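Visitor: Below is one structure. I have some questions about it.
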Amino acid sequence: MTGIDIRHYTSDQAAAVRPTMLEVYAEVYADAIAADPFKSVDRFAAGLDGWSSRTGWSCVVGYAGDQAVGYAYGAPLPENARWWGGLLTEVPEDVVRETGTRTYALSELTVRIPWRKTGAARRLHDELLAEQSEERATLLVQQAHPKVRALYESWGWKVLGDLRPHIEHAPLFHAMLLDLPQH
Ligand SMILES: CC(C)(COP(=O)(O)OP(=O)(O)OC[C@H]1O[C@@H](n2cnc3c(N)ncnc32)[C@H](O)[C@@H]1OP(=O)(O)O)[C@@H](O)C(=O)NCCC(=O)NCCS
């Protein structure tokens, strides 16, 4: 357990929490932002705005006092979700059939460097997922980051297959799944 406070947000509070999230993103990804225009804060902000306007978007931010430690957010996949469009591994059709209430997509989990390896990331992850009613969760982890995949595997996630989103310059990801406890 870490001594951070976790605050929960939904779409109607997205505008209020947005500046904090952009600040954390800018700090954590400073090197990537300098090296790659596709990692700019503006692009992240546009992605965040897209996600936070989705039905069922939810977000957690961890705080140590008044300082933000990190965030996690996601939303349920809609029917016919584009999410699975870039799946390269053949799987039975039923595995990727979405109903709008079946799968929660964990879009981002980011923790500021001083709070790495403190349990803060796990708490954000667990608290975000604990409030979801879907039967399973999915996330994409870059295949270039095997340690992050191993971290998620140690938290119970399983690799479903290879996925490359239909976005220019998109890297290759592992698509992962996690069963969520039924409420
Ligand atoms: C992913 C994250 C939340 C995990 O936090 P944590 O549970 O405290 O775990 P760690 O930071 O120790 O990460 C586990 C390992 O993955 C590595 N790792 C983490 N993020 C990485 C990244 N973006 N690229 C490459 N390696 C990464 C760490 O260096 C660490 O390796 P080590 O054990 O050799 O030191 C945190 O590392 C983070 O915010 N990373 C940057 C954002 C990110 O990559 N998010 C995941 C998107 S799917």
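Visitor: Name the helices (runs of 4 or more DSSP H) wholly inside the range 1-92 in which the number of residues that are of a type outside the set (Gly, Ala, Ser) and under 16 Å from the mean Cα position of the chain (by Cα) is 1 or more.
Guide: In the range 1-92, 14-28, 41-52 are the helices (runs of 4 or more DSSP H) which contain 1 or more residues that are of a type outside the set (Gly, Ala, Ser) and under 16 Å from the mean Cα position of the chain (by Cα).
Visitor: Taking the stated definitions as given, is residue 60 touching a His at 6+ places or on another chain (Cβ under 7 Å) and either surrounded by 12 or more Cβ atoms within 10 Å (Cβ to Cβ) or within 15 Å of residue 110 (Cβ to Cβ) (or both)?
Guide: Yes, satisfied.
Visitor: Also, quick follow-up: If residue 152 passes every condition in (1) away from the ligand (no atom under 13 Å from the Cβ); (2) under 26 Å from residue 49 (Cα atoms) but one, which one does it miss?
Guide: So the condition that residue 152 fails would be (1).
Visitor: For residue 171, indicate whether it is within 16 Å of the ligand (Cβ to nearest atom), at pLDDT below 95 and of a type outside the set (A, V, I, L, M, F, W, C).
Guide: Against the criterion (within 16 Å of the ligand (Cβ to nearest atom), at pLDDT below 95 and of a type outside the set (A, V, I, L, M, F, W, C)), residue 171 qualifies.
Visitor: If you don't mind, there's one more thing I want to ask. Taking the condition surrounded by 14 or more Cβ atoms within 10 Å (Cβ to Cβ) and without any contact (Cβ under 8 Å) to a residue 60 or more places away in the chain, does residue 143 pass?
Guide: For residue 143, the condition - surrounded by 14 or more Cβ atoms within 10 Å (Cβ to Cβ) and without any contact (Cβ under 8 Å) to a residue 60 or more places away in the chain - is met.
Visitor: Let me ask something additional. Would you pick out the residues in the range 1-46 that are of a type in the set (Gly, Ala, Ser) and either more than 22 Å from residue 170 (Cα to Cα) or touching a strand residue (DSSP E or B) at 6+ places or on another chain (Cβ under 8 Å) (or both)?
Guide: Selection gives 3, 11, 14, 15, 16.
Visitor: Look at residue 92 and say whether it is more than 11 Å from the ligand (Cβ to nearest atom), loosely packed, with under 15 Cβ neighbours inside 10 Å, free of Cβ contacts under 8 Å to residues at least 12 places away in the same chain and at negative phi.
Guide: Yes; evaluated as a whole, the condition is true for this residue.
The values are calculated or read from the model by the stated rules, or taken from the named source; none is laboratory data. Not measured: the values here are computed from a predicted model. Cβ atoms come from the backbone with ideal geometry, glycine included; neighbour counts cover every protein chain shown.
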